[in-house]
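Working notes, structure below.
Just so it is clear, none of the values below were taken in a lab; they were calculated from the coordinates. Just so we're clear, the structure is a prediction, and the values are computed from it rather than from any experiment. Here Cβ is always computed from backbone atoms with ideal geometry, including for glycine, and neighbour counts include all displayed protein chains.
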């Protein structure tokens, strides 16, 4: 059976992307990164539940160095997470070259596991504006991965959500039976999602436009 | 003063590349990876000495996950390091996409530090045959890095050794006053270099052809 490494944060997008990989006929190798993000524990819990629901082999990879680099509100608690709405430009939640690092490690695991695809739930238009979520970057990264691995290693990076709107992601997730109530998108570390960070705003807008109810708890 | 992130393992090649960066007029940010390699302690000691001689700001980055991935004699002690001479093809010391991972992390640090170059001491022809040491890979990785970072971030990957023979690297190192006696190239973890692994063979051949004496201790 063909295999895919799925980068699975525990958020809605990566969960839907991983379910699409399964529907595409891949055996799933679920890959999670603990990188000192504010929501490390919440994400890991969500990852475990979704990986289990996919019957996936799992890799939990610790990347303690992101805190040494800092430069992002997601890993440096002295930088506040913006809660006043999505602004143009690259927000302070941007983590330098995070998806480059994640895809590089995914490539190493894919080469070891004999996987022929990497799934990543990046979204270009309806997103937070991170440069490492754009299709141009993904294409160049795929070329770099194939140039830098063994000749017999052929890895395709699959981005099934890249041109979807958030409401389409919610709809596809609901159709595929993704347990969206187990996913965690909020940038804050709390038992209830804040509802006002960029990630919560995008998620809530998606559910609203899809005409569906988000069952995770929100701070009222 | 313009800055460069120099990936510095503590080996001869990366030390020479870092000295070339300094000669090129860059302030050095020296970056070392502890990735569970057999020679982690020896390399870290060499890194510290060379970084000090360069008066560099340093980053020591722990990557414990390489042991989880394994698939290489350098991080999995159950796979023997070959000692019977360099063979065609990719050897078992190849670590899946190691330079892709190293360059991605270097890019994140370069973006944070405002560095405009990354120096890496890869050698293409006179090398161990790793796919992630080839110029084609480096060029594609540079494109990926510039596509996946902020628009104002412009990073050039510099590979001053890529087309050099080992004897040229020894000669350039000697001319620049690189303390080659402080570098460590052997794949084995020992007080004396083994002299028979691929890395020792390449190094010894380089000194011999350059007509210079390698002052590190070798097992006789």
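Once you have a ≥ b ≥ c as the square roots of the Cα gyration tensor eigenvalues for the range A:91-203, tell me rounded if a/c is under 1.5, and otherwise prolate or oblate according to whether a/b is larger than b/c.
Details: a/c = 2.05, a/b = 1.70, b/c = 1.20.
Because a/c hits 1.5 or more and a/b exceeds b/c, the range A:91-203 counts as prolate.
Sorted by packing (mean other beta-carbon atoms within 10 Å per residue), highest first, where do A:82-88, A:64-70 land? Could you put the intermediate results ahead of the total?
Details: A:82-88: 11.0, A:64-70: 18.0.
Answer by packing, highest mean first, reads A:64-70, A:82-88.
Fewest Cβ neighbours within 10 Å first, please rank B:9, A:185, A:128, A:78 accordingly. Numbers along the way, then the final one.
Working: B:9 25, A:185 28, A:128 17, A:78 6.
Least crowded to most crowded, the residues run A:78, A:128, B:9, A:185.
Per 0.36 nm of contour for each residue apart, how much would the distance between residue A:23 and residue A:209 grow if the chain were fully extended, relative to their Cα-Cα spacing? Let's see the in-between values first.
Details: separation 186, 0.36 × 186 = 66.96 nm, distance 2.47 nm.
Extra length from residue A:23 to residue A:209 when fully extended: 64.5 nm.
Within 10 Å of each Cβ in A:57-65, how many Cβ atoms from other chains are there, averaged over the peptide?
Working: counts 0, 0, 3, 2, 6, 5, 6, 4, 9.
Partner-chain Cβ atoms within 10 Å, mean over residues of A:57-65: 4.
Residue by residue through A:84-90, how many Cβ atoms from other chains fall within 10 Å of the Cβ on average? The partial results should precede the final answer.
Numbers: counts 0, 0, 0, 0, 0, 2, 4.
That works out to 1 on average.
Nearest-5 percent of antiparallel DSSP beta bridges in the range B:3-210? Walk me through the intermediate numbers first.
On the way: 0 of 17 bridges.
Antiparallel: roughly 0 percent of the beta bridges in the range B:3-210.
Using only Cα atoms, find the angle between the long axis of helix A:166-175 and the longest principal axis of chain A, and express it within 0 to 90 degrees, rounded to the nearest 10.
For helix A:166-175, the angle is close to 70 degrees.
Counting partner chain Cβ atoms within 10 Å of every residue's Cβ in B:145-157, what's the average? List each step's numbers first, then the result.
Numbers: counts 7, 4, 11, 17, 8, 8, 3, 1, 3, 0, 1, 0, 0.
Mean shielding count: 5.
With axes computed from alpha carbons, what is the tilt in degrees of helix B:12-23 against the longest principal axis of chain B, rounded to the nearest 10 within 0 to 90?
Rounded to the nearest ten degrees, it is 40.
Rounded, prolate or oblate: which fits the range A:1-51 when a ≥ b ≥ c are the square roots of the eigenvalues of the alpha-carbon gyration tensor, with rounded for a/c under 1.5 and prolate only if a/b beats b/c? Could you put the intermediate results ahead of the total?
Details: a/c = 2.81, a/b = 2.17, b/c = 1.29.
Since a/c reaches 1.5 and a/b is larger than b/c, the shape of the range A:1-51 is classed as prolate.
Using a 7 Å offset from Cα along Cα-Cβ at residue B:86, what residues in the range B:111-134 end up with backbone N under 14 Å from the label point?
Answer for the range B:111-134: B:122-131, B:133-134.
Relative to the first principal axis of the alpha-carbon coordinates of chain A, what is the inclination of helix A:198-210, with its axis defined by its Cα atoms, in degrees from 0 to 90 and to the nearest 10?
That works out to roughly 90 degrees.
Would you work out the relative contact order for chain B, in percent, from Cα pairs under 8 angstrom that are 6 or more residues apart?
Working: 409 pairs, mean separation 53.2, N = 220.
So the answer I get is 24 percent.
Suppose only helical runs count, i.e. DSSP H with n ≥ 4. What mean residue ellipticity at 222 nm does that imply for chain B under -39500 (n - 2.57) per run, divided by all residues and rounded to the nearest 500 deg cm²/dmol? List each step's numbers first, then the result.
On the way: 7 runs with 85 residues, N = 220.
Value at 222 nm, helices only: -12000 deg cm²/dmol.
For the range B:3-210, report the convex hull volume of the alpha-carbon atoms normalised per residue, in Å³, without decimals. Kindly include the intermediate steps, with their values, before the conclusion.
Working: hull volume 22.9 nm³, N = 208.
Given the Cα convex hull of the range B:3-210, per-residue volume reads 110 Å³.
Within 10 Å of each residue's Cβ, count the other Cβ atoms and sort B:207, B:97, B:137 from fewest upward. Mind showing how you got there, number by number?
On the way: B:207 21, B:97 32, B:137 25.
Final ranking by Cβ density, sparse to dense: B:207, B:137, B:97.
Does the protein assembly as shown come out rounded, prolate or oblate, given a ≥ b ≥ c as the square roots of the eigenvalues of its C-alpha gyration tensor, rounded meaning a/c under 1.5 and, failing that, prolate meaning a/b above b/c?
Prolate.
How high is the relative contact order of the range A:133-220, in percent, with contacts defined as C-alpha pairs under 8 Å that are six or more residues apart?
Working: 75 pairs, mean separation 22.8, N = 88.
It rounds to 26 percent for the range A:133-220.
Taking only the alpha carbons of the range A:65-145, what extent do you get along each of the three principal axes, in Å, biggest first?
44, 30, 16
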